[in-house]
Each structure stands twice: as C-alpha cells, then as structure tokens.
Amino acid sequence: MTELQEVQITEEKPLLRAPGAPDPGKKHTVETPYGVVTITIHGTPKPKRPAILTYHDVGQNHLSCFDTLFHFEDMQEIIKNFVVIHVDAPGMEEGAPAFPLGYQYPSLDQLADMIPCILQYVNFTSIIGIGVGAGAYILARYSLSHADTVEGLVLVNIDPNAKGWMDWAAHKLTGLTSSNSEMILQHLFSQEELSKNTELVQQQRHVLSHATNLPNIQLYWSSYNSRRDLSLERGGDITFKCPVMLVVGDQAPHEDAVVECNSKLDPTQTSFLKMADSGGQPQLTQPGKLTEAFKYFVQGMGYMASSCMTRLSRSRTASLSSAASGDGNRSRSRTLSQSSEAGAPQPPAPTMEVSC
C-alpha cells in the first residue's frame with residue numbers, strides 16, 4: 001500500500017478580493033515642506049474625473065471620521081466613479097507614535113499647503129473635497145489659494161472665524177476645569193449627545209483616553225484653536241470659486257458658525273444642509289442622508305448624470321416644488337434636488353436650507 005505524503009502547496013498569486021469585500025486601500029507617506037503626511041488611496045483613476053479628497057477633524061483620523069460614510073451601501077455607487085484619497089493629518093494615522101517633546105506642529109495654513117504635494121504625488125490635477133471641522137477649514141483654506149484645482153467642496157461643521165478675545169477667554173476658563181480630551185469632545189458632539197453619553201460619545205472618549213498619540217492630537221487641537229479668519233465675503237474677492245455644500249447637524253456645536261459661513265457665500269454656488277437628529281457628527285449618525293445629498297451635489301457638477309433618483313431626493317424634490325409654488329416665479333430648487341436626467345451641469349439656483 002502506497003504511503004500517503006503531505007504536500008505543501010505554496011500559492012504563487014494572491015487570492016482576489018471577494019466581491020463586495022471592503023477595499024482596504026493603499027497607504028502612502030508623502031514628504032512635504034512641513035513634514036510627512038499619510039494618505040490612503042481607494043480605487044483606480046477615472047479619465048477626466050477629479051479625486052475625492054477627505055480631511056478629518058481633531059480627535060479623529062480618516063477611519064474614525066469617514067469609514068461609516070464611505071462604507072455605507074448607497075455610497076458605493078458614488079465611489080466606484082471616483083478615486084478616494086483619505087488624508088490623515090501628521091501624527092493622526094493609526095499607530096502613529098507621539099512626536100518628540102518640543103515638536104512644532106504645522107499650522108492649519110501649513111496643513112493646507114501640504115495638499116499640492118499630495119496631488120503631485122498621486123498625479124491628480126483636481127479634487128472634490130470633503131472635510132469635517134478642522135479638516136473643513138483646511139480644505140477651505142486650500143481652495144481659496146488653489147481655486148483652479150478644486151471642483152467642489154463639502155464642508156461639515158466649518159467654523160471660518162478665528163477665535164476672538166471672548167472665545168479665547170472662555171476657552172482658557174474651560175481649560176481650568178476640563179481636560180483637553182473633554183474640550184475636544186465638546187467640539188465634536190452636541191450638548192444633548194454629551195448629556196446622554198451616547199455610544200458614539202463613549203467610543204470617542206475611550207479612543208482619546210487610550211490614544212498613544214494623544215500629545216499629537218493636542219497639538220492638532222492647538223493649531224485648530226490658533227486658526228486665522230478665512231475673511232470670506234459675499235460679493236468680495238475672497239470667496240470660493242466652486243460649488244459648495246455646507247453641512248451641519250441640528251443643534252450641533254457649530255450650527256451658528258456654519259449659518260454665518262453660509263451668509264458670507266455666493267447663494268448661487270452654495271447649498272446649506274441642516275440635518276435633523278444627526279448631532280455633531282452627521283457623517284457618522286446620518287450617513288444615508290449625507291450620501292444622498294452628496295450624490296446630487298456631484299450630479300449638479302455634471303458627474304453621474306444617469307444615477308437613479310432615490311427616496312430622499314424624490315421627497316426633497318416634492319417639498320421644494322411645493323415651496324416654489326408659493327414663491328411665484330422665484331425658483332427654490334437647488335442642485336441637490338435637480339433631476340438626474342440632464343447630462344450636463346445645470347445652472348445653480350438660490351441657496352436652500354434643507355432640514356431632513
């Protein structure tokens with residue numbers, strides 16, 4: 001009887017990723033004049049299309065800030081049409097070691113000035129930016145100085161104003177009774193979420209209390225609090241040259257700042273989305289509604305024109321049509337709710353606040 005032998009088989013080629021499995025993305029480190037920045041790239045380049053570039057808030061990285069949104073089922077239709085570049089601010093990537101004592105962290109202006117190096121590295125000439133909080137400010141600052149490379153901006157929880165003396169004093173007083181971690185939580189979440197100690201708040205508090213790179217987070221937080229005023233002015237020279245969607249949660253800590261930002265922008269280029277029941281982090285708590293709004297934002301820019309209209313958009317279109325009937329000849333529709341049948345960009349209409 002022939003003796004059976006154990007044979008070791010070595011796989012010469014890696015197994016293909018199963019259909020529907022999450023794309024882990026490819027990490028790269030990019031050298032810039034202000035230090036090294038880590039980016040994660042998903043997808044392959046699409047001809048004549050910009051990349052979607054994201055930038056996260058303080059106390060987060062690209063995974064904690066955007067993973068829920070970009071793995072949402074309906075978002076897959078969008079991201080298959082674009083390359084996605086997630087930027088982690090220096091020292092914020094997973095597993096990042098703490099910077100040495102005395103390290104000079106870049107200002108938000110300098111973080112914005114890193115983006116041209118990233119685009120040169122990935123060989124892209126234009127982006128659609130999605131930023132949250134500090135990340136929204138960074139993308140806004142970049143857009144003001146590199147308008148020809150930005151096709152659209154989605155700015156969540158943006159505060160375009162520098163801290164005034166009253167804000168500075170309040171911040172100092174709060175710092176006497178609260179840790180930096182607690183102040184960051186107050187920056188990220190609404191008072192209602194904090195008082196209820198929601199699961200999301202508990203998760204973020206756990207992350208901050210156990211972060212090995214907490215000194216880095218505190219440096220990013222300090223840079224955010226030292227930001228300059230964007231000096232936006234409706235009808236002035238300092239303004240965005242591309243379509244902009246402003247997003248904020250109802251009763252979120254940055255609601256007043258986003259409302260003020262909206263008042264300073266060109267109403268024919270700006271959409272204002274106030275999201276009910278979303279707290280301070282709408283991209284995490286209401287990814288479906290934000291995905292829907294983003295879909296029609298990019299459609300208004302002339303991309304994905306054949307995408308089907310979904311429930312939220314149909315509802316919004318009907319409600320806007322009703323509002324328009326009460327305004328006579330004044331159109332109240334906005335790019336977000338335009339029909340997807342048109343194959344080319346549509347002329348923008350007045351800003352519309354949408355609570356959804």
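Brief remarks on what is shown
- For the criterion of being in contact with a Phe, Trp or Tyr (Cβ under 8 Å, 6 or more places away or on another chain), among the small types (Gly, Ala, Ser), surrounded by fewer than 20 Cβ atoms within 10 Å (Cβ to Cβ) and at pLDDT 95 or above, Ala136 fails.
- Options Leu214, Leu230; residue that is of a type in the set (A, V, I, L, M) and under 15 Å from Arg141 (Cα atoms): Leu230
- Single residue of Gly300, Gly280, Gly236 found to be out of contact with any His (no Cβ under 7 Å at 6 or more places or on another chain) and touching a residue at least 60 places away in the same chain (Cβ under 8 Å): Gly280
- Here the condition is being outside any strand (DSSP E or B), open to solvent by less than 40 Å² (accessible area, probe 1.4 Å) and more than 25 Å from Ser107 (Cβ to Cβ); of Leu194, Leu208, Leu232, Leu200, it holds for Leu194 alone.
- Candidate set from the stretch 235-251 (those that are closer than 19 Å to Asp57 by Cα and open to solvent by 10 Å² or more (accessible area, probe 1.4 Å)); member that is farthest from the chain's Cα centre (by Cα): Gln251
- Scan of the stretch 263-284 for residues that are part of a helix (DSSP H, G or I) and surrounded by 21 or more Cβ atoms within 10 Å (Cβ to Cβ), ordered by number: Pro282, Gln283, Leu284
- Filter result (β-branched (Val, Ile, Thr) and either touching a Ser or Thr at 6+ places or on another chain (Cβ under 8 Å) or closer than 13 Å to Leu153 by Cβ (or both)) within the stretch 234-257: Ile238, Thr239, Val244, Val247
- Within the stretch 90-116, residues that are small (Gly, Ala, Ser) sit with their Cβ atoms under 6 Å from residues that are in a loop (DSSP other than H, G, I, E, B) and open to solvent by 50 Å² or more (accessible area, probe 1.4 Å), at 6+ positions apart or across chains, in these pairs: Gly91/Phe99.
- Cβ pairs under 6 Å, 6+ apart, first in the stretch 204-216 and more than 23 Å from Val36 (Cβ to Cβ), second assigned to a helix (DSSP H, G or I): Leu208/Ser181
- The lone exception for Gln120 - which of (1) open to solvent by 30 Å² or more (accessible area, probe 1.4 Å); (2) touching a residue at least 40 places away in the same chain (Cβ under 8 Å) it fails: (2)
- Qualifying residue in the stretch 61-83 (condition: within 21 Å of Val150 (Cα to Cα) and either among the small types (Gly, Ala, Ser) or in a strand (DSSP E or B) (or both)): no
- Check on Ile85, touching a Leu at 6+ places or on another chain (Cβ under 6 Å) and at pLDDT 95 or above: yes
- Looking across Thr38, Thr68, Thr54, one residue alone is over 14 Å from the mean Cα position of the chain (by Cα) and either surrounded by fewer than 20 Cβ atoms within 10 Å (Cβ to Cβ) or under 15 Å from Leu119 (Cα atoms) (or both). It is Thr38.
The values are calculated or read from the model by the stated rules, or taken from the named source; none is laboratory data. Quick caveat, the model's predicted, so the values are computed rather than measured. Neighbour counts are summed over all protein chains in view; Cβ atoms, including those assigned to glycine, are modelled from backbone coordinates with ideal geometry. Accessible surface is based on the protein model in full, side chains and every heavy atom, while ligands, DNA and RNA are left aside. Shrake-Rupley method; radii C 1.70, N 1.55, O 1.52, S 1.80 Å.
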